[in-house]
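Presented below is the structure to which this report refers.
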Amino acid sequence: MFNNPTVSRIAVVAMFVFAMLLPGIATAQGARPLVQSGKSALFQRVIAVPGAVLAENAGATSETHGVPPFSTYYVYARETSDGQEWLEVGTDSNGTINGWLAADQAVDWNQTLTVAFRDPSQHERVLLFGDRESLKKLIDENDAATYRRLREQAAAGQIADSPVVAIQPDYNVDIRRDFYLVPIMSHEDILIGGQQGRLLRVATVPLQDSPEIVRAYRTGIVFVIDSTKSMRPYIETTRDVMQRVYRSIEEADLSDRVSYGLIDYRDSVEAVPGLDFVTRKVASLTDGSSGDEFLSRIRTVQASTVSSDGFNEDAYAGIEAAIGEIDWSGYYARYIILITDAGPRSGSDPLSTTGLDAASLRRLAADKDIIIGVFHLKTPAGADNHEYAEDEYRALSSVGGIGEFYYPVPTGDVDQFETALSALTQQLTEQVRLAASGQPPAERKASSSRTTELEAFQEKVSRLGYGLRMRYLQEQGSQGVPSLFNAWVIDRDFDDPAERDLDVRVLLTRDQLSDLHEVLRRVLITAEEGALAPDDFLDELKSLAASISRDPQAAKTATRATGGQSLADLGYMREYLDGLPYRSEVMNLDLSIWEQWAAQRQFEFINQLDSKVAYYQALHDNADLWVSLDGGPVDGDSVYPLLLEALP
């Protein structure tokens with residue numbers, strides 16, 4: 001993921017390992033990994049250094065074989081042989097033993113946080129220093145000028161006699177699409193331009209000799225269409241537009257490069273059984289690779305004959321279905337286009353089937369590198385709903401560096417909707433044609449002469465396409481890279497210290513996320529009951545903590561909150577949060593503050609917590625997001641780099 005003078009790309013991994021193993025993770029049968037010192041549920045894990053070998057027994061008196069650098073292991077036993085410490089290790093926590101590793105060939109990995117570098121088109125490129133002292137000196141002296149000069153030299157390939165050993169590439173490598181590891185060996189707090197930052201010691205390694213890249217620029221576009229009673233004219237218009245779209249795709253000989261899918265949704269069938277369904281997959285992207293097949297399927301979409309309960313409908317269920325039920329593999333550019341005349345049922349709505357709010361749903365889409373666009377039909381009948389719906393859909397469709405991928409259709413004008421939808425599909429088809437030509441796209445510059453909403457929308461679509469095609473072309477030209485074991489980076493830039501240049505992500509296992517979801521779900525239930533009966537709230541939390549905590553004494557000795565007492569103080573996940581460069585907004589909530597909140601504020605907090613619980617469930621169920629570090633099938637030890645901010 002970093003460049004030196006002879007390479008343009010390096011896949012790296014940043015891990016502050018966060019082993020959030022909650023009760024129930026360890027296998028009930030077979031061996032159990034050792035727990036970390038002072039912990040009761042966090043297993044010991046290590047990373048193999050370059051050149052490490054596995055032996056059949058401690059002391060290496062038997063056959064040995066090499067292991068890939070930065071292989072990750074659970075530690076099952078520690079023994080000393082001839083004065084040398086040895087570790088019995090396995091790649092999973094279920095009792096599978098791989099052999100013995102000399103302790104000096106492994107590095108303790110006691111927190112699993114991963115660092116992902118941000119898009120260099122929007123942030124300055126990060127420098128890797130070969131020694132701590134050189135970077136720390138720049139920090140202590142706040143020497144932005146020297147740091148800037150070193151970055152310019154590294155970008156030009158001039159790192160001979162420089163403390164800089166590598167620089168982040170000049171294009172974005174998305175950790176969700178092209179998983180990479182950068183184990184962080186240590187971290188320390190620093191100040192950069194008055195902002196709190198961190199100095200990180202990391203290891204970097206390419207995960208493969210030749211990076212796997214998508215060889216053809218293919219675009220997948222899935223429509224999510226509201227098929228409730230009022231949508232009849234828009235469904236018919238979408239059919240007409242798609243007939244022209246497929247005609248143009250075939251004329252341009254792009255049938256193998258662009259494909260459309262379709263989900264239609266309605267609303268709660270518990271409230272209105274006559275609606276027949278909440279969501280329905282009408283056409284997959286495979287179906288949509290054929291114009292005849294897609295058009296035959298879209299003709300089956302009919303508006304319901306009965307009205308839903310209220311004006312809001314379950315649009316978020318349709319979006320979630322498009323994210324999880326559509327196979328997006330093999331498509332480089334990924335779009336979901338929502339078409340609706342009503343507001344969504346957010347997670348706090350009793351008739352919501354997802355429990356997700358706009359932020360959680362947008363994050364779930366981003367986890368799969370999917371962009372969400374919205375056509376909002378502002379019909380006169382929904383006038384009282386327009387403000388709420390627009391706020392939700394703008395938040396849902398927000399794209400970093402671009403803005404909201406949102407298009408309002410005043411009065412729900414059918415002709416204006418047709419014009420806008422036609423413009424969008426034509427632009428996306430043209431972007432595929434340009435990508436297929438292999439020519440670098442001309443740089444897009446913001447226009448100062450926009451006069452209409454449609455022109456502003458088209459410019460955003462153009463900028464989205466430009467960014468995707470540039471990233472694609474740069475990945476096509478990428479090369480293999482060397483590995484580094486020790487390097488030092490900072491997470492903020494001297495020129496703009498208020499902005500982070502990298503994201504901190506938690507490398508959670510699927511089992512850990514499952515247990516995190518369960519603990520949070522039980523806290524949520526208790527919080528909901530506590531909002532109704534506040535006098536019993538603390539006692540209920542203490543009782544729950546005693547049943548799930550690895551430190552039940554904390555709950556037994558807790559007294560009524562008088563300031564400074566939190567869920568973590570009661571024993572909830574405390575050992576999993578200690579030492580992280582993060583303050584949990586849920587677990588560190590001062591319960592004395594909760595008791596002072598008005599009921600409305602308590603319910604707002606509960607709704608936020610409810611949405612996180614729903615997000616964890618949806619993330620867990622999307623099996624194709626998970627990565628098996630041992631190369632095997634997805635299981636409980638498979639990992640996903642969760643944004644630190646997504647923790648409770």
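The values are calculated or read from the model by the stated rules, or taken from the named source; none is laboratory data. For clarity, every value in this text was computed on a predicted model and none was experimentally measured. Here the Cβ is made from the backbone with ideal geometry for all residues, glycine too, and neighbour counts use every protein chain on show.
Suppose the filter is closer than 20 Å to ILE184 by Cα and at pLDDT 85 or above; does VAL53 pass it?
no
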Boolean, GLU88 is surrounded by 14 or more Cβ atoms within 10 Å (Cβ to Cβ), free of Cβ contacts under 8 Å to residues at least 60 places away in the same chain and in contact with a strand residue (DSSP E or B) (Cβ under 7 Å, 6 or more places away or on another chain): yes
Any residue that is in contact (Cβ under 8 Å) with a residue 60 or more places away in the chain and either among the basic types (Lys, Arg) or out of contact with any Gly (no Cβ under 6 Å at 6 or more places or on another chain) (or both) - is there at least one of those in the stretch 272-281? yes
What about ALA155, is it surrounded by 18 or more Cβ atoms within 10 Å (Cβ to Cβ) and closer than 25 Å to TYR466 by Cα? no
Filter the stretch 115-148 for residues that are surrounded by fewer than 15 Cβ atoms within 10 Å (Cβ to Cβ) and among the small types (Gly, Ala, Ser); the one that is farthest from ARG201 (Cα to Cα) is SER121
Residue that is farthest from GLN122 (Cα to Cα), among those in the stretch 140-170 that are at pLDDT below 90 and of a type in the set (D, E, K, R): ASP161
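Mind counting the residues in the stretch 320-364 that are more than 16 Å from ILE606 (Cα to Cα) and either outside the structural domain of GLY310 (by TED's automatic domain parsing) or of a type in the set (Gly, Ala, Ser) (or both)?
Residues flagged as more than 16 Å from ILE606 (Cα to Cα) and either outside the structural domain of GLY310 (by TED's automatic domain parsing) or of a type in the set (Gly, Ala, Ser) (or both) within the stretch 320-364 amount to 8.
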Regarding ILE225, is this residue under 29 Å from the mean Cα position of the chain (by Cα), modelled with pLDDT of 90 or more and over 22 Å from LEU468 (Cβ atoms)? yes
Any idea how many residues of the stretch 291-319 are over 19 Å from LEU356 (Cβ atoms) and either in a helix (DSSP H, G or I) or aromatic (Phe, Trp, Tyr) (or both)? 9
Can you give me the ranges of the strands (runs of 3 or more DSSP E) entirely in the stretch 79-170 with at least 3 residues that are under 30 Å from the mean Cα position of the chain (by Cα)? 106-108, 113-117, 127-129, 164-167
Please determine, by comparing only the residues of the stretch 469-509 that are farther than 21 Å from SER121 by Cβ and either buried (at least 20 other Cβ atoms within 10 Å of the Cβ) or touching a Leu at 6+ places or on another chain (Cβ under 6 Å) (or both), which one is modelled with the highest pLDDT. TRP488
Any idea which of (1) over 30 Å from THR72 (Cα atoms); (2) at pLDDT 85 or above is the one GLY193 doesn't satisfy? (2)
Just need a number here: residues in the stretch 400-442 that are at pLDDT 90 or above and more than 18 Å from ILE372 (Cα to Cα). 9
